[in-house]
Amino acid sequence: MDTHAVRILLPALLLAGLALPTAALADGKAALATLPDNLQSLYVGAEQNVQPSAFDGFAMPAKPWKWCHSESYQGNPWRVAQTSHIKSLV
């Protein structure tokens, strides 16, 4: 998938995720009930309560920030392109 398609699809997917009702997500059974019947059977035991985030009290460290990206194999053109793109963002 080229970067143009990713730039279009990623925001669309993120916005679609925001459209989920947060009340349904807070209660596992209510969230499960929003799925079609044929999918509900795939989520047996998934009714868990949403727990507080471990990052609630997170504070950004002072700049300059360090960043590390590791790829197992740089012989694939898409991995090289992805690594180059990520480096250009930092």
Exercise for the section: Say whether the condition of being farther than 20 Å from T3 by Cβ, of a type in the set (A, V, I, L, M, F, W, C) and at pLDDT 85 or above is met by at least one residue in the stretch 73-85. Expected result: no
Exercise for the section: Give the stretch 19-42 a look and list any residue that's among the charged types (D, E, K, R) and at pLDDT below 85, or say none. Expected result: D27, K29
Fill in the blank from the handout: Subset of the stretch 41-77, residues in a helix (DSSP H, G or I) and surrounded by 10 or more Cβ atoms within 10 Å (Cβ to Cβ), comes to Y43
Problem - Counted residues, the stretch 79-90 - those being part of a helix (DSSP H, G or I) and either in contact (Cβ under 8 Å) with a residue 24 or more places away in the chain or in contact with a Phe, Trp or Tyr (Cβ under 8 Å, 6 or more places away or on another chain) (or both) - result: 3
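The values are calculated or read from the model by the stated rules, or taken from the named source; none is laboratory data. Given the structure is predicted, the values throughout are model-derived calculations rather than measurements. Cβ coordinates were reconstructed from backbone atoms using ideal geometry, including for glycine residues, and neighbour counts include every protein chain displayed.
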